[in-house]
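The values are calculated or read from the model by the stated rules, or taken from the named source; none is laboratory data. Just so we're clear, the structure is a prediction, and the values are computed from it rather than from any experiment. Please note: Cβ atoms are built from the backbone with ideal geometry, for glycine as well, and neighbour counts cover all protein chains shown. The accessibility values were calculated without ligands, DNA or RNA, using every heavy atom of the protein model including side chains. Shrake-Rupley method; radii C 1.70, N 1.55, O 1.52, S 1.80 Å.
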Amino acid sequence: MGSKTCIYMLKTIRQLQPCSSLAGMSFPKFTKNYRSEATLPLSSDTRTLRPAFGSVTVPIRCVGHESSPCNQANNMTSDWVDGPLNDSPAISDGNNVSPLNEQISLKPDELASTPKMIPSYIMIALNKCTTPRDVLNVFLRPSYKKDELFKGVLKLWNTFLALNEKEKLTERDSIFGHPHFHNLTHGILKMAPVMPPEALIRILYMFVHLQINQESRLIQNLLLICQEHLTSFNEVELAILANTLEWLKSDTNVDLITFGLRLMIDMKIEEFNEVMPLLTMMKAIGRTAPLRLKLKLENKALQMVDRFNVAQSGTLFCILSDINFYSEHLLNACSDKLINGLDELSFTKIVSLLSCCCELNYSNEKLLTAVGDQVMKTICLWNPWQLALILQYFVHLNFRHVPLLDRYAEIFTNNLNSVKIWDLSEAVKFYSALNHLPEKKTQQFLEAINTSLQENLNSMPPKKLLYIVYNLCVLEVCPDFAVNKLLQYENFLNPKEQKIFAHINLCLMMNKPFLKSHSFCCLKKVPPATTEDFQTLHTNIKNFIKDPDLYHYSLQIANTYYIDFMLALDIQDNKLVPVGDLQTDNLEIADHSENVIRIALICCTPNAFALGTLHPLGKLALKIRILKYFGFSVVVVPMHQFVRMTEEDRVEYLRTKIFQELSNDQSALAGTTAEEDLELNPL
């Protein structure tokens, strides 16, 4: 058969093959075995990144955590952000992956009929890699398929995570300096526009966490492509993108994606059916998000709050703190869950919880009591510095947990040999701020403080010594050796420290009457306070006391302490008498008989009392003692309770406090109206 005949016959057969006729079907098709460029499957788990409580999609201020580039000030650990691509169900390793995007997913019946693809030599080589250097050694040429590139980046990240912290520092430099690293990044840049959305997002996440320069062409191009595909991302991909943005500084591309991300979240809020994607979206909007969007997310979270577990409830505290949004309803609901699950929380998570409470200024007495009780149950497992850290947060929240304070005082006394300057300073601060001394072992505790102060006196900085002496004065303890040492530094104190030194002088006057200086005893008229509490109390005082000559307001004593109202009460006749005449710079009180007492009426905010009680905190307790020293009987009005009364109840309350309690107090003439009466006679 001639060559022309063969050519014509082959052409005829090729034309008959596509036909559905019997003649065409009788010729089998022999196609070339092109290797399919299949899309690399990704994880099928639609849950978002699974943070441990106390850490969300971005690092939280915790103990011992390596902070992100944008959060260097944070000092709280993150149990999750260092390796969400390694241990999260939402982000799988290269050996067990399936698609999240519906466009590239395969149904179970389709999987059965899909022929199994033979892995390329690149995939086989990557599976054998154990170090980042091994991974980069595989990429010898500049062109690879998108599934091979994604597998390479994922393997590079997982092998990097397997290193310890010290090895990561050196290995990161070796990665960037590897001769084949350019091949991997060049391939990513080339194939990024056609990569599946989830693969694109995770590659960006991994490169950002490898700390590749944000201004590099690689990161900026990936950000641009993510910006173009933003509308096609599902909730998991948006969650990963939000996580990534937290590690990036503000620039044009980052700001545009952040703005677009908020728009996407606003549109897809109702589609969020899982707790963790919702929490991640709440975190993603950032501190500068509009209030309207925060309120929408709050409403969605309230609808799902019954499905929160203990860890997620703690995570919500951190999220609200990070976005600077105070939602009392959410915080209260999550507090109830945390109270019942505190035994699940580690020290780091408890610290994270308390830190968020401080930042939000959220004081929940039940929650803090439960935390203190939980610490007391497991106190044998806690180190003294851990207890001190817990008490630091309690002091910030004005919470006085008596059993824990007493127990810490006992531990401090028993471990006196190991006490450092920091331990001494913090211990004195706790008990002075909360106006508390251990009930049964007060003397032993004060002796331990005195001993520790003597041992560390010469090595103590002047500023530290100043605050320790002041706090001891609040506790009615003025060690002479410490005061004498402090006097050597008096000329080196700044104006703020000089004010603290003036308080110490007043305390010395109370403890040593021969030091009394009449220059401190002057009363001066000062501009009235403009606070709403003062105006409310002033209105009620005018309604109660019709004669303006029977009281003065806005006074300052000893150039330090402010008195809201001053009255004079004749105990024998049980009536108010004129207070005195005002002069230009001094307020002199007219001399009265021994039956007349001076009353200093002070309005106090809730911050002046221990949380949930009328126990005066350190500053208020010191003020009461000094006013009593100058001959006043003190009436404290807790304004947070006073404003909730009716007008009639307010007048009756003032009448009771001024006429009945003071006139019945036999010690009032000596100016010793006890501050303990504040707790014994609540509103």
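Couple of notes before you dig in:
- Residue within the stretch 427-434 that is in contact with a Ser or Thr (Cβ under 6 Å, 6 or more places away or on another chain) and part of a helix (DSSP H, G or I) present: no
- In the stretch 260-301, residue farthest from Leu238 (Cα to Cα) [restricted to those that are assigned to a loop (DSSP other than H, G, I, E, B) and β-branched (Val, Ile, Thr)]: Thr288
- The set of residues in the stretch 197-221 being open to solvent by less than 20 Å² (accessible area, probe 1.4 Å) and either part of a loop (DSSP other than H, G, I, E, B) or β-branched (Val, Ile, Thr) (or both) consists of Ile201, Ile203, Val208, Leu210, Ile219.
- Residue under evaluation Ile541, criteria (1) surrounded by fewer than 19 Cβ atoms within 10 Å (Cβ to Cβ); (2) closer than 21 Å to Glu647 by Cα; (3) among the β-branched types (Val, Ile, Thr), criterion not met: (1)
- Leu224 vs. criteria surrounded by fewer than 20 Cβ atoms within 10 Å (Cβ to Cβ) and without any contact (Cβ under 8 Å) to a residue 12 or more places away in the chain: no
- Total residues in the stretch 470-500, condition touching a residue at least 40 places away in the same chain (Cβ under 8 Å) and either in a loop (DSSP other than H, G, I, E, B) or in contact with a Phe, Trp or Tyr (Cβ under 9 Å, 6 or more places away or on another chain) (or both): 4
- Put simply, of Thr185, Thr231 the only residue that is modelled with pLDDT of 90 or more and either crowded, with 23+ Cβ neighbours inside 10 Å or in a helix (DSSP H, G or I) (or both) is Thr185.
- Evaluating Leu291 against the criteria (1) at pLDDT 90 or above; (2) within 19 Å of the chain's Cα centre (by Cα) leaves one unmet condition, (2).
- Out of Gln392, Gln374, sole residue that is at pLDDT 90 or above, of a type in the set (S, T, N, Q), in contact with a Leu (Cβ under 6 Å, 6 or more places away or on another chain) and closer than 30 Å to Asp322 by Cβ: Gln374
- Which listed residue, of Thr378, Thr442, is out of contact with any helix residue (DSSP H, G or I) (no Cβ under 6 Å at 6 or more places or on another chain), among the hydroxyl-bearing types (Ser, Thr, Tyr) and closer than 17 Å to Cys478 by Cβ: Thr442
- Condition met for Ser321 (under 21 Å from Leu391 (Cα atoms) and within 10 Å of the chain's Cα centre (by Cα)): yes
- Restricting the stretch 453-491 to residues that are more than 30 Å from the chain's Cα centre (by Cα) and of a type in the set (D, E, K, R), the residue that is farthest from Tyr431 (Cα to Cα) is Glu490.
- Any chance Leu140 is open to solvent by 40 Å² or more (accessible area, probe 1.4 Å) and out of contact with any Ser or Thr (no Cβ under 6 Å at 6 or more places or on another chain): yes
- Long-range neighbours under 8 Å by Cβ, at least six apart or interchain, first residue under 18 Å from Arg650 (Cβ atoms) within the stretch 538-554, second in a loop (DSSP other than H, G, I, E, B) and of a type in the set (A, V, I, L, M): Leu550/Val579; Tyr551/Ile545; Tyr551/Val579
- Within the stretch 236-276, restricting attention to residues that are touching an Asp or Glu at 6+ places or on another chain (Cβ under 9 Å), farther than 17 Å from Ile203 by Cα and of a type in the set (Asp, Glu), the residue that is least open to solvent (accessible area, probe 1.4 Å) is Asp251.
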